[in-house]
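One structure is given here, and the rest of the page talks about it.
The values are calculated or read from the model by the stated rules, or taken from the named source; none is laboratory data. No experiment lies behind these values; they were computed from the predicted model shown. Counting neighbours? That spans all protein chains shown, and the Cβs are built from the backbone with ideal geometry, glycine included. Accessible surface is based on the protein model in full, side chains and every heavy atom, while ligands, DNA and RNA are left aside. Shrake-Rupley method; radii C 1.70, N 1.55, O 1.52, S 1.80 Å.
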Amino acid sequence: QVQLVESGGGLVQAGGSLRLSCAASLNIFLFGAMGWYRQAPGKQRELVARIISTGSTNYGDDVKGRFTISRDNAKNTVILQMNSLKPEDTAVYYCKATMYTNDYWGQGTQVTVQG
């Protein structure tokens with residue numbers, strides 16, 4: 001059974017940084033892709049950052065140059081480093097992992113940026 005556990009959310013002032021972690025219950029190399037998505041109140045869930053098995057990454061337009069996704073293979077963890085946070089980054093952030101045609105989601109972690 002695949003489990004994804006997010007951590008690292010919280011309250012931060014605009015311009016600050018947060019680091020989100022997503023710990024998987026399986027070796028992350030089993031997943032074709034892992035990523036972070038976010039959903040703000042009244043809005044659709046959107047891609048924040050994604051990393052595929054080759055290590056290639058892609059980012060949502062709103063976070064390019066500010067956020068970085070990476071993997072800690074030894075800990076089966078995907079990390080999202082968020083810098084220069086803005087109030088519009090406020091949302092619930094979800095980790096997603098894809099194995100073949102199956103998507104798995106974490107429970108989400110709240111990020112609130114005060115401006």
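The test for being among the small types (Gly, Ala, Ser), outside any helix (DSSP H, G or I) and at positive phi holds for Ser84. From (1) part of a helix (DSSP H, G or I); (2) touching a Gly at 6+ places or on another chain (Cβ under 8 Å); (3) among the aliphatic types (A, V, I, L, M), pick out the condition that doesn't hold for Ala74. Checking Ala74 against (1) part of a helix (DSSP H, G or I); (2) touching a Gly at 6+ places or on another chain (Cβ under 8 Å); (3) among the aliphatic types (A, V, I, L, M), the one that fails is (2). Entry remark, segment 1-22: residues being under 12 Å from Trp36 (Cα atoms) and either part of a loop (DSSP other than H, G, I, E, B) or free of Cβ contacts under 8 Å to residues at least 60 places away in the same chain (or both) number 1 in total.
Filter segment 93-115 for residues that are of a type in the set (Phe, Trp, Tyr), more than 11 Å from the chain's Cα centre (by Cα) and either within 12 Å of Gly35 (Cα to Cα) or open to solvent by less than 50 Å² (accessible area, probe 1.4 Å) (or both) and give the result. Hit for segment 93-115 is Tyr104, nothing else.
Just give me the residues in segment 46-92 being open to solvent by 20 Å² or more (accessible area, probe 1.4 Å) and among the β-branched types (Val, Ile, Thr), in sequence order. Full working, then the answer.
Initially, segment 46-92 is screened for residues open to solvent by 20 Å² or more (accessible area, probe 1.4 Å), giving 46-47, 50, 52-59, 61-62, 64-66, 68, 70-76, 81, 83-84, 86-88, 90, 92.
Result: Ile52, Thr54, Thr57, Thr68, Thr90, Val92.
A count restricted to segment 29-43 and to residues that are assigned to a strand (DSSP E or B) and open to solvent by 60 Å² or more (accessible area, probe 1.4 Å) stands at 1.
Hey, does segment 28-45 have a residue that's without any contact (Cβ under 8 Å) to a residue 12 or more places away in the chain and of a type in the set (Gly, Ala, Ser)? Yes, because at least one residue in segment 28-45 is without any contact (Cβ under 8 Å) to a residue 12 or more places away in the chain and of a type in the set (Gly, Ala, Ser).
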